[in-house]
Amino acid sequence: MAVHVSADREALLDWNESPIGPPALAVKRVVDAAERLHRYPRGLMAEVTTLTADHAGVTPDQVLLTAGIDEAVDLTLSMAERAWGLWPGFDGYQDRAAANGKPFHRIDLDQRWQPPARPPAKLGDGDILYLAQPGNPIGTSLPDEWIDAASAEYLLVDETYQDFAARPSTLTRPARPGRLVYRSFSKAAGLAGIRIGYLVGDPATIAGLAPLRRFMPIDAVSLNAAAGLLEDPDFMARLTAHVRQARPALCAVLRDSGLFTEVRECETNFVLARPTAAARGPLTERLEHDLVRVKDCAVLGLPGWLRISVGSWDDQTRLADALARVTTTEKG
C-alpha cells in the first residue's frame, strides 16, 4: 500500500529512508561541489573507489562503483547465460534478467521462508545466482553452508541490508571463484536519494566488468555525497545502532495495536507485519490518511504482509497514534 504524496506534503514516515537524516559531511560535500557541476567527475570516481576500498577492507582494484543494484545486476548478467534467485525475494533481479533477455529461475522458499535442503542440482556453468543477505522481503539470512553448496558458476551476494544484521559480511569469508559482493550506500549509509553502490570481487573479474559500464555512470552529486559519507564513518555506526535499538520497539508498537496477526523482527531496517482480515481495509485507509507509507509485499511474493521500515522515535510515536485511530471494532 504505497502512498505517494507531493513534495510539499512530506509523509510522516518516509520508509526506507534514514531515520536520523543524511550524513552531515555528505551534505557539505554536495553543497561545496555545486559550483563544479559543469565538470565531469573524473577524479571523483577514483577518489570514491579508493575510499570505498578502504571502508570495505579491500584493494581499489577489487572495487567497481555502480549506479545502484540495477547496474550491478546488468553488468554481472553479461557473464552468465541464466539467472537464479529466491522467491519470495527481491523482484529487481528477475526484472533486470528479463530486460537483458536472460532466463530467470526461481528457487521457492517453503512456508517457513526456508530454502530447499540443498541448492538445485541444475546450478552449474553459465548460471549466476543472486542472493540477498539478509533477504528482501523476508529479512533473514541463509546459512553459509547452503550458499557454499550452490554450484553456480557465478554468485552475487547482495548485502544491501548487511549492516543491520548480526552475521558477519561475506567479505570476511574465504574467497571463492566467481563470487561478487554488492554493497549499497542507500540504507546503512542514509543516502536513499542517490543511486550508488559497489561490487567487490577478484581483480580480474572487476577488470572485466569495468569496460561494460556506461560513460560516467554515476553523477557528481552522488559521488560527492558518497565521498562525504566515507569521510565520516561514525555516521553509519550511529544509524545502524539506532535501527537495532528501535527495531524491537517498532515490533512492540505493532503487536500492541492488536491490528496484526503476526509481527516478525528482521535483520534489516524493516520489520514484517500481517494485518488481520478485518483490520486491513480500515488500516489502509488510516495510513493513507495520515500519509504513512509502507510496502505491500505481494509484489515480492508475500501477499498479506506489509514491510514497515524503522523510523525515528518520533516517527514511531506518530505510527502508534495512527494505529490507535483505527477503531476497536475494526481490529477483528
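The values are calculated or read from the model by the stated rules, or taken from the named source; none is laboratory data. Here the structure is a predicted model, which is why all the values come from computation and not from measurement. Using ideal geometry, Cβ is built from the backbone for each residue, glycine included, and neighbour counts are taken over all protein chains shown.
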Inset, instruction - Tell me, please, whether a residue that is under 23 Å from S18 (Cβ atoms) and part of a loop (DSSP other than H, G, I, E, B) can be found in the stretch 268-276. - result: yes
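Rundown of residues vs (1) modelled with pLDDT under 90; (2) within 20 Å of the chain's Cα centre (by Cα); (3) on the phi < 0 side of the Ramachandran plot; (4) not assigned by TED's automatic domain parsing to the domain that holds Y154, yes/no style:
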residue	(1), (2), (3), (4)
S6	yes, no, yes, yes
N16	yes, yes, no, yes
R42	yes, no, yes, no
E71	no, yes, yes, no
Inset, instruction - Please work out which one of (1) in contact (Cβ under 8 Å) with a residue 12 or more places away in the chain; (2) more than 25 Å from T140 (Cβ to Cβ); (3) in a helix (DSSP H, G or I) is the condition T317 fails and give its number. - result: (1)
Inset, instruction - Look at A98 and say whether it is in a helix (DSSP H, G or I), outside the structural domain of C266 (by TED's automatic domain parsing) and over 30 Å from L44 (Cβ atoms). - result: yes
Inset, instruction - Tell me, please, whether a residue that is in a helix (DSSP H, G or I) and not assigned by TED's automatic domain parsing to the domain that holds D91 can be found in the stretch 305-314. - result: yes
Legend entry - Hits in the stretch 146-170 (condition: over 19 Å from L123 (Cβ atoms), more than 14 Å from the chain's Cα centre (by Cα) and buried (at least 17 other Cβ atoms within 10 Å of the Cβ)): S169
Inset, instruction - For residues that are surrounded by 18 or more Cβ atoms within 10 Å (Cβ to Cβ) and touching a residue at least 40 places away in the same chain (Cβ under 8 Å), tally how many sit in the stretch 255-283. - result: 12
Inset, instruction - Could you list all residues from the stretch 289-312 that are small (G, A, S) and either closer than 20 Å to K187 by Cβ or in contact with a Phe, Trp or Tyr (Cβ under 9 Å, 6 or more places away or on another chain) (or both)? - result: A298, G301, S309, G311, S312
